[in-house]
Structure formats: structure tokens, C-alpha cells
Amino acid sequence: MSEYSWERVIVYKAPGEANGKIIESTAAVAWQNGAQPLTNDAQHSFATALQHVVGNNPNAKFLAYNNAPPGVPNLKTKSNSKGVIILATNADSAAWIVHT
């Protein structure tokens with residue numbers, strides 16, 4: 001048995017919609033309605049994960065990235081990939097959020 005805890009979550013949100021659908025690795029494999037809008041920073045799991053990126057937290061470091069190189073105007077791709085890696089400096093804890 002592994003000493004690490006892994007949770008995998010997939011959230012789907014259509015353009016222009018505040019609520020989405022979610023699949024969690026610990027639940028039955030079926031899309032569930034998101035209980036809260038993604039913009040609700042006090043009640044949504046992804047907003048909670050990102051609070052360390054947008055807030056002042058000396059114990060959190062993050063790296064944000066995307067696949068669009070700097071200085072390349074009008075780059076056209078079928079899907080841009082973006083992400084945030086969040087690391088705790090005072091614990092063995094991290095999160096990786098990928099967005100396409």
C-alpha cells in the first residue's frame with residue numbers, strides 16, 4: 001500500500017456556464033452536477049485549491065504555464081494547454097491543475 005494519497009478529479013464546464021460537471025476518483029464513474037458555481041471561491045474545490053495562488057501565503061509556491069510561446073502573435077492552435085503546479089513548502093503536499 002502506498003504512503004501517498006492521490007485524488008484525481010475531472011471538471012467539465014461549458015463556455016459561458018458557471019456550473020459544470022465533475023468526476024472524482026473516489027466516487028462511482030459517473031458525471032455529477034457541480035454543487036457550486038466555479039466562481040464561488042468559498043464552496044468550490046478548485047477555487048479552494050487556487051486560493052494559495054491568488055492569495056498571500058508564504059508556505060505556498062506555484063508555477064503557471066501554457067503552450068503558447070511568448071512573443072508569438074496570433075498563434076492558432078486547436079486547443080491551448082495551461083496549468084498550475086502548487087507546492088507547499090511546509091508539508092509534503094502539492095496539486096497540479098491542468099486546463100485545456
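Here are some notes:
- At an R0 of 30 angstrom, the distance between the Cβ atoms of TYR65 and ASN40 translates into a FRET efficiency of 0.70.
- Two-site label geometry, ARG8 and ASP92: point separation in nm, points 7 Å out along Cα→Cβ: 2.2
Taken together, the values in this text are just the output of simple stated rules run on the coordinates, not laboratory data. The structure displayed is predicted, hence computed values, not measured ones. We place every Cβ from the backbone using ideal geometry, glycine too, and count neighbours over all the protein chains shown.
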